[in-house]
Amino acid sequence: MITRSKITGSPIHLNISLFLFLIIPALSHGQLFQTHYQFAEHLRSLKAYDEGLFYLNRLSPEALTIDQKDTLNYLTGKFYYYKQDQTYSIRAFDQVGISSPFYRESWLLANYQRFYLGNYLAGKEGLGKYTTGDDPLTVQLKNFQLAGVALLERDTEKFEVLRSDFKDDYRELIPSQEKLIEIAESIENFNSKSPFVAALFSAVIPGSGRIYNGRLGEGLISMLAHTIFALQSIEGYQKDGPGSARFLIYSSILSGFYIANVWGSALSVKIRMDEFNDQTDHTTLLTMHVPLRFLFD
Amino acid sequence: MFLCGSFLIKGQTARELFDSEAYIEAAVAFEYEYFRDPSDSTLLYKSYCYKALGDYENALAILTRIQGLDVRYEKALLHYLNEDYERSNTELLRLRLDGVEFDRNLVVLQVLVEISRLKYKEAREALKENAELLGLEIPDIDYIIDAKAKARDPLRAQNLSLWIPGTGQWYAGHFGKGLLSGSIQTGIVAFTGWSFYTGYFFSGTLTGATLFYTFYLGGARYAKKLAGKTNDEVTTKMKQRLFVKVK
């Protein structure tokens, strides 16, 4: 198990590599598995992930020791992770045994990817499974991930509880922690609008519902379009009378446009909300990913 | 299955896998060979694997790792296959500036690149200069690239339609479509004039002008697209004829 009291700037994977070069030869029955590992690392440095997976998938697990199988699963999970094939990556990382030096990385990346896929419950359960001690960095990373998922679930109360455990012991974690706090504030400050009020505004003054929703440009264009059709309808009515084809065509277009605009104003509130949610989820996931990339890449 | 010294899949070496067209397996095997014993020719073969798989960008990326071998022809070919004709042309120019004598393959590639760049005149000149090498007669060259062949400029087609609606489509080689576009827009202008004449000022201005504006800009954009499409059809035909005449 790799433990470090503090992140001091040198990534953890250097320690893991050192472990492999020193320990793996002793664990395996010769140099062969070390060659496999080195070649896989070579392919990773080339970003040849498909080739890496092809190579690893052809190794026979039956001939490997438990430690080698763990390393194989870790490498497979990592290649799928780089390829952004989360499902297969999680499957491989989950098979890394708890005694492996790659366990912590596999555990964190697997559960982060569960959050990425929207499986919040499975991710939280997965994070709860880690039982190999309580080194401060792992505790902080776990708390940080759980705080992130609380924001993904819009549970700001739970976030506040988890946030109180944020510590500034690890300077690399501080910017991400601050970013999560910023996201939490933006969620609480988001001024949600009522679809009903937006529709009502547009029913009274066409386009005003969109302006109420913060879409000034859309509202003005809508007003202009209504004015254009209204003027043509009035012209048809005044010159040809209420039964004329010209009046009926233009007034029908105006009516259709009016009804669609009332409905569209209500819908625009939902769209604005969806856009905010998508943006917030994206930023939160990105923020949750930053420390993992820093520590394990 | 895996040996330290060489990488075997189903008992085959990288070269055997390549020859049996198992390109993905061969690519990994070549990389393994390179990992064990770095050599430019191994990387070149790996690049061939990705070329055979149609992954030209990856094949080009592998070539950038080669330090000793001259792979400019291969780069020019891969850029051409990747439809990056300007880069392909640059590689060919470099070869020419270095005094490399163009063989049959290079001449054919040069002609293909010139055709793709819509430089029909230059392509004809290259064919004429190398007629003997390629085994062509003047009628063959005329058959491949008509002496009067001229590429349509998409921007010119667009501008023509902005000046006189429909003429851009005509210039692009589609007379019927040009006539239709011009007629529709003339009809809309007539509707607008008639609306004004009969006192329907709002209808004339708002409906007439809006429709005209839409068709006017849409027609010009369509003329530009048509010119590009015509060029694609012409170049495809030229390339097919080239391959018929140059075996």
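The values are calculated or read from the model by the stated rules, or taken from the named source; none is laboratory data. The shown structure was predicted, so the numbers you read here are calculated from the model rather than taken from an experiment. Please note: Cβ atoms are built from the backbone with ideal geometry, for glycine as well, and neighbour counts cover all protein chains shown.
Which residue is farthest from residue B:114 (Cα to Cα), if the candidates are limited to the stretch B:214-231 and must be surrounded by 13 or more Cβ atoms within 10 Å (Cβ to Cβ) and polar (S, T, N, Q)?
B:230
Of all residues in the stretch A:151-197, which are in contact (Cβ under 8 Å) with a residue 60 or more places away in the chain, assigned to a helix (DSSP H, G or I) and of a type outside the set (A, V, I, L, M, F, W, C)?
Within the stretch A:151-197, A:175, A:176, A:179, A:186, A:195 qualify.
Within the stretch A:35-84, work out how many residues are more than 29 Å from the chain's Cα centre (by Cα), within 11 Å of chain B (Cβ to nearest Cβ) and not in a helix (DSSP H, G or I).
3
Among the candidates A:128, A:118, which residue alone is modelled with pLDDT under 90, more than 14 Å from every other protein chain (Cβ to nearest Cβ) and closer than 30 Å to residue A:161 by Cα?
A:128
Could you list, in sequence order, all residues of the stretch B:18-37 that are within 12 Å of chain A (Cβ to nearest Cβ) and of a type in the set (A, V, I, L, M, F, W, C)?
Correct list: B:22, B:24, B:26, B:27, B:28, B:29, B:30, B:35.
Select from the stretch A:187-229 the residues that are touching a Pro at 6+ places or on another chain (Cβ under 9 Å) and surrounded by fewer than 20 Cβ atoms within 10 Å (Cβ to Cβ) and write down the one among them that is farthest from residue A:159 (Cα to Cα).
The residue in question is A:227.
Please determine, by comparing only the residues of the stretch B:45-91 that are small (Gly, Ala, Ser) and surrounded by fewer than 21 Cβ atoms within 10 Å (Cβ to Cβ), which one is nearest to residue B:116 (Cα to Cα).
B:54
Residues are listed down the side, and each one gets a yes or a no for (1) crowded, with 17+ Cβ neighbours inside 10 Å; (2) more than 19 Å from residue B:208 (Cα to Cα); (3) in contact with a Ser or Thr (Cβ under 7 Å, 6 or more places away or on another chain):
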residue	(1), (2), (3)
A:235	yes, no, yes
A:239	no, no, no
A:248	no, no, no
A:253	no, no, no
A:260	no, yes, no
A:263	no, yes, no
A:266	yes, yes, no
A:276	no, yes, no
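Got a sec? Which of B:48, B:80 is in a helix (DSSP H, G or I), in the same structural domain as residue B:124 (by TED's automatic domain parsing) and under 25 Å from residue B:247 (Cβ atoms)?
Answer to the check: B:80.
Here is a check on your reading of the model: is residue B:93 assigned to a helix (DSSP H, G or I) and aliphatic (A, V, I, L, M)?
When the stated conditions are applied, residue B:93 passes them.
Based on what the data block shows, is residue A:99 of a type outside the set (A, V, I, L, M, F, W, C), within 20 Å of residue A:34 (Cβ to Cβ) and within 14 Å of chain B (Cβ to nearest Cβ)?
no
Can you tell me which residue in the stretch B:113-127 is nearest to residue B:232 (Cα to Cα), limited to those that are in contact with a helix residue (DSSP H, G or I) (Cβ under 6 Å, 6 or more places away or on another chain) and part of a helix (DSSP H, G or I)?
B:116
Within the stretch A:127-136, can you find the residues that are touching a residue at least 12 places away in the same chain (Cβ under 8 Å), surrounded by fewer than 21 Cβ atoms within 10 Å (Cβ to Cβ) and either in contact with a helix residue (DSSP H, G or I) (Cβ under 8 Å, 6 or more places away or on another chain) or assigned to a helix (DSSP H, G or I) (or both)?
Once the filter is applied, which keeps residues that are touching a residue at least 12 places away in the same chain (Cβ under 8 Å), surrounded by fewer than 21 Cβ atoms within 10 Å (Cβ to Cβ) and either in contact with a helix residue (DSSP H, G or I) (Cβ under 8 Å, 6 or more places away or on another chain) or assigned to a helix (DSSP H, G or I) (or both), the stretch A:127-136 yields A:129, A:130, A:132, A:136.
Do any residues in the stretch B:8-33 that are at positive phi have Cβ atoms under 9 Å from those of residues that are at pLDDT below 95, where the two are at least six apart or on different chains, and which pairs are they?
Cβ pairs passing all conditions: B:10/B:1; B:10/B:17; B:10/B:22; B:10/B:25; B:11/B:1.
Tell me whether the stretch B:107-114 contains one or more residues that are out of contact with any Lys or Arg (no Cβ under 6 Å at 6 or more places or on another chain), under 28 Å from residue B:15 (Cβ atoms) and in contact (Cβ under 8 Å) with a residue 40 or more places away in the chain.
yes
Please state which one of A:157, A:182 is over 18 Å from residue A:288 (Cα atoms) and at pLDDT 90 or above.
One residue alone meets the criteria, A:157.
Name, by its number, the condition in (1) modelled with pLDDT of 90 or more; (2) away from chain B (no Cβ under 13 Å); (3) more than 30 Å from the chain's Cα centre (by Cα) that does not hold for residue A:21.
For residue A:21, the failing item is (1).
So residue B:67 clears everything in (1) modelled with pLDDT under 95; (2) farther than 22 Å from residue A:43 by Cα except one condition, right? Which one?
Failed condition: (2).
Could you say which residue among B:153, B:146 is surrounded by 13 or more Cβ atoms within 10 Å (Cβ to Cβ) and closer than 18 Å to residue B:223 by Cα?
Checking each option against the conditions leaves just B:153.
Kindly list, by first and then second residue, each pair from a residue in the stretch A:53-75 that is in the same structural domain as residue A:37 (by TED's automatic domain parsing) to a residue that is small (Gly, Ala, Ser) and in a loop (DSSP other than H, G, I, E, B), limited to pairs with Cβ atoms under 6 Å and residues at least 6 apart or on different chains.
Taking only residues 6 or more apart or on different chains, the pairs are A:68/A:28; A:70/A:97; A:70/A:100.
Residues checked against (1) under 30 Å from residue B:114 (Cα atoms); (2) surrounded by 15 or more Cβ atoms within 10 Å (Cβ to Cβ); (3) in the same structural domain as residue B:136 (by TED's automatic domain parsing):
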residue	(1), (2), (3)
B:195	no, yes, no
B:201	no, no, no
B:205	no, yes, no
B:212	no, yes, no
B:233	yes, no, no
B:240	yes, no, no
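In the stretch B:174-193, which residue that is away from chain A (no Cβ under 14 Å), in contact with a Ser or Thr (Cβ under 8 Å, 6 or more places away or on another chain) and in a helix (DSSP H, G or I) is surrounded by the fewest Cβ atoms within 10 Å (Cβ to Cβ)?
Among those that are away from chain A (no Cβ under 14 Å), in contact with a Ser or Thr (Cβ under 8 Å, 6 or more places away or on another chain) and in a helix (DSSP H, G or I), it is B:182.
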